[in-house]
Amino acid sequence: MTDSTAEHVGVYAPPAEFVAGANVKADEYERADADYLSFWAEQSRELVDWNEDFGEVLDWSNPPFAQWFVGGKLNVAYNCLDRHVIAGNGDRVAINFEGEPGDSRTFTYAQLLAEVSKTANTLTDLGVRAGDRVAIYLPMIPETMISMLACARLGAAHSVVFGGFSSDALRSRIIDAEARVVITADGSYRRTKATSLKPAVDAALSHGDTSVETVLVVRRTGQDIDMVDGRDQWWHDAVETASPEHECEFFDSENPLFILYTSGTTGKPKGILHTSGGYLTQVLYSMKAVFDIKPESDVFWCTADVGWVTGHSYVTYGPLAAGVSQIVYEGTPDTPHQGRWWEIVEKYKATILYAAPTAIRTFMKWGEEIPEKYDLSSLRLLGSVGEPINPEAWRWYHRVIGGERCPIVDTWWQTETGAHMIAPLPGAMSTKPGSSQRSIPGISVDVVDDEGNSPAGPEGGLLVIRQPWPSMLRGIWKDPERFKETYWSRFEDTYFAGDGARRDEDGDIWFLGRVDDVMNVSGHRLSTTEIESSLVAHPYVAEAAVVGAADETSGQAVVGFVIVVDGVENTAETAAELRQHVGKDIGPIAKPKQVHIVSELPKTRSGKIMRRLLKDVAEHREVGDSSTLADSSVMDLIEESVAKS
Ligand code: WTA
């Protein structure tokens, strides 16, 4: 075990000026611990505009089904837009959009409100009502956020599907959520090329067996696409002509806000359901406490795609509800050159940057002389999310990007948790490279051993969450049993996160990666089972096993081991074909970095594949204990074929 005490890895004290101006000080922990329900009620009343106040703070009479801020009424989009305009901040920039080809657009809060109102009127004309679902399959353009907010305004839940997912992935999500409308674009720009999106929607709907009535299409690239008569409408025809006035209704605190599908341990993605009042409360609290947001002066930039939860909470809802100005960038960090991000920071004078460790490690590889060419002095706080950040990358981020003056908040959370759960408060403590440190005020986490005993030993154990929290998932869409089984069955009345963790001698939390069959590639969650199912669906493949192998840049990389059917040759072409197949089937992010064709897979006597041993092979380590294998010579055969491939 590595020594991770403060003395060993070092701690970094925030600048005195930062501490003096910080929104939240260290005494907040005690206040929250004294009575966490009163604490959250107080935060909610301070940060959220309720149209009707709530009564009970938490109804936990039917665990694990929580209701927060019972009986309260609000409109999430009103909180993100109208209230800022009413308060006289309508001229503040809400979104600085930077397109990959260099085009840019700016929306003030008043302009964004008008756009969202037009879209809400359009969706109403298309028959969308409170309680309906709308699928959003769009790139990182302002219309994506406008669409999400328009749904929220109407009390309809959105299901955003990451633009990098395939038509099959889109199709299964549309069907599961029974979406009435799909909002998409002709395409977007990636690495200077116009990539297409609309054909995937056409393919997803081609069987004519979904509940989709209308497809609304944003013109982004101008490429030729098919428009289906009676079903497809151009955004610029429908939305641009709609009225910019829209009187919003107020909905129950527990009204569904969105469904977001995420990978689980089985092949079928889970539709994580989030509702309104609790979600908005905790997202806003994290903007205040973790990001120390000052709406009048900050320029916030979360680089995540809106297709993931980070984009939901920290591109759309958090920054807009907080009323801050933000940056939204469409493209990749190396287009047209490797300094693109830093050019954007300089151009818009970003003050807070929130990114994934994979990106930081990539920039490290490209060399510090690239960011050094730009003026990054506007930055005052940095954030990290999605996977553990290794101390070396942390220090580089701190020194090269943060000029040794910006605290770094390493934020641990999940699609399921909705908002930050474990992160240092930058004005309240020194930060420690590689550790997310402690849970935010009002949140109770623990690290337990396999039997649920606390504390777990020095080697670590499983991360659990002891008390309900406002932005917790309310369930898995249409699958209450899976919700109970996945998160609440391992330990009684305690949320099981699926992450391994340990506390160091200072009590700070370090993450050890997932303990289930979920991989984390570049901060994106992928299921081993889902990729295995895709591989075995290919006619060449008889059996497949997939592991997430440690990778210097992406954290983990997908490595597949397959047994091919008779007659298929073990060649580089076969492996390439299988990699392509997964990329096409699920999406480019799921494409294995390597596929090894082997003659056997390591199985226990009961037939369970021992992925742990394959991981050893993929990570070029000596293979661990294989005594429970049905046939222990199998590992030699596998190692031989891998050496040859
Ligand atoms: C991992 C992304 C270590 C973790 C917000 C979690 C992290 C999964 C961190 C959720 C972090 C996220 N340090 N690990 N700061 N942040 N993770 O649902 O394994 O895409 O369970 O949410 O990412 O991924 P998800």
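Taken about its Cα centre, the stretch 522-644 carries a charge dipole of about 460 debye when Lys and Arg each add +1 at the Cβ and Asp and Glu each add -1 at the Cβ. Between Asp103 and Asp636, the simple spin-label model (points 7 angstrom out along Cα→Cβ) gives 6.3 nm. In the stretch 33-143, a dipole from Cβ-located charges (positive for Lys and Arg, negative for Asp and Glu) runs towards its positive end, and of Asn75, Leu112, Gln43 it is Leu112 whose Cα lies farthest in that direction.
With a cap of 14 neighbouring Cβ atoms within 10 Å, and only residues DSSP puts in a loop, list the trypsin sites (Lys or Arg not before Pro) found in the stretch 132-193.
Details: sites: Arg133, Arg153, Arg171, Arg173, Arg180, Arg190, Arg191, Lys193; in loops: Arg180, Arg191.
In loop regions of the stretch 132-193 (DSSP not H, G, I, E or B), the sparsely surrounded trypsin sites (Lys or Arg not before Pro) are Arg191.
Dipole orientation for the stretch 321-370: of the candidates Val324, His337, Ile360, Val324 has the Cα lying most toward the positive pole (charges on Cβ; Lys, Arg +1; Asp, Glu -1). Simple spin-label estimate for Ala643 and Thr332 gives 3.6 nm between the two label positions (7 Å along the Cα-to-Cβ direction from each Cα).
Computed log10 I(q)/I(0) for the stretch 576-645 at 0.17, 0.21 Å⁻¹: -0.68, -0.91, from the Debye equation with unit scatterers placed on every C-alpha and solvent omitted. For the modelled label position 7 Å from the Cα of Ala537 along Cα-to-Cβ, which residues of the stretch 158-188 have backbone nitrogen atoms closer than 12 Å? It comes to 166-173, nothing else.
Under the rule a/c < 1.5 gives rounded, and otherwise a/b versus b/c splits prolate from oblate, where does the stretch 137-278 land using the Cα gyration tensor?
Taking the square roots of the gyration eigenvalues as a ≥ b ≥ c, the stretch 137-278 is oblate.
What separates the Cα centres of the stretch 169-216 and the stretch 380-426 is a distance of 34 Å. In the chain, Cα pairs under 8 Å separated by at least six residues give a relative contact order of 13 percent.
If a/c stays under 1.5 just call it rounded; otherwise compare a/b with b/c (prolate if a/b is bigger, oblate if not). Do that for the stretch 522-644, with a ≥ b ≥ c from the square roots of the Cα gyration tensor eigenvalues. Taking the square roots of the gyration eigenvalues as a ≥ b ≥ c, the stretch 522-644 is oblate. Taking a ≥ b ≥ c as the square roots of the eigenvalues of the Cα gyration tensor, the stretch 46-203 is classed as oblate, since a/c reaches at least 1.5 and a/b does not exceed b/c.
I'd like the GluC sites (Glu not before Pro) in the stretch 416-462 restricted to DSSP loop residues with at most 12 other Cβ atoms within 10 Å, sorted by number. Don't jump to the answer; show the numbers that get you there.
Details: sites: Glu416, Glu451, Glu459; in loops: Glu416, Glu451, Glu459.
In loop regions of the stretch 416-462 (DSSP not H, G, I, E or B), the sparsely surrounded GluC sites (Glu not before Pro) are Glu451, Glu459.
Rounded to the nearest 20 debye, the dipole magnitude of the chain is 700 debye, with +1 charges on Lys and Arg beta carbons, -1 on Asp and Glu beta carbons, and the Cα centre as origin.
Quick check for me: using +1 on Lys/Arg Cβ and -1 on Asp/Glu Cβ, what's the dipole size of the stretch 162-235 about its Cα centre, in debye to the nearest 20?
Dipole of the stretch 162-235, to the nearest 20 debye: 500 debye.
For the residue pairs Lys118/Lys347; Lys478/Lys615; Lys373/Lys615, the C-alpha atoms sit more than 32 angstrom apart in Lys478/Lys615; Lys373/Lys615.
Since only Phe250, Gln414, Ser166 are under comparison, the one whose Cα sits farthest along the positive direction of the charge dipole of the chain, derived from C-beta charges on Lys, Arg, Asp and Glu, is Ser166. Of all aspartates and glutamates in the structure, those lying under 16 Å Cα to Cα from Lys608, and not within fewer than 8 positions of it along the same chain, are Asp516, Asp517, Glu532, Glu543, Glu600, Asp625, Asp631. Listed by chain and number, the lysines whose alpha-carbon sits under 23 Å from that of Lys288, ignoring those within fewer than 8 places in the same chain, are Lys25, Lys73, Lys349, Lys432.
Spin-label model, His207/Ala130: points 7 Å from Cα along the beta carbon direction are separated by 3.4 nm. Which log10 I(q)/I(0) values does the stretch 16-501 give at q = 0.06, 0.09, 0.11 Å⁻¹ under the Debye formula, counting every alpha carbon as one identical point scatterer? Computed log10 I(q)/I(0) values: -0.25, -0.59, -0.91.
All of the numbers you see were taken from the coordinates with simple rules; none came from a lab. Note that this is a predicted model, so its numbers are computed, not measured. Neighbour counts run over all protein chains shown; Cβ positions are idealised from the backbone, glycine included.
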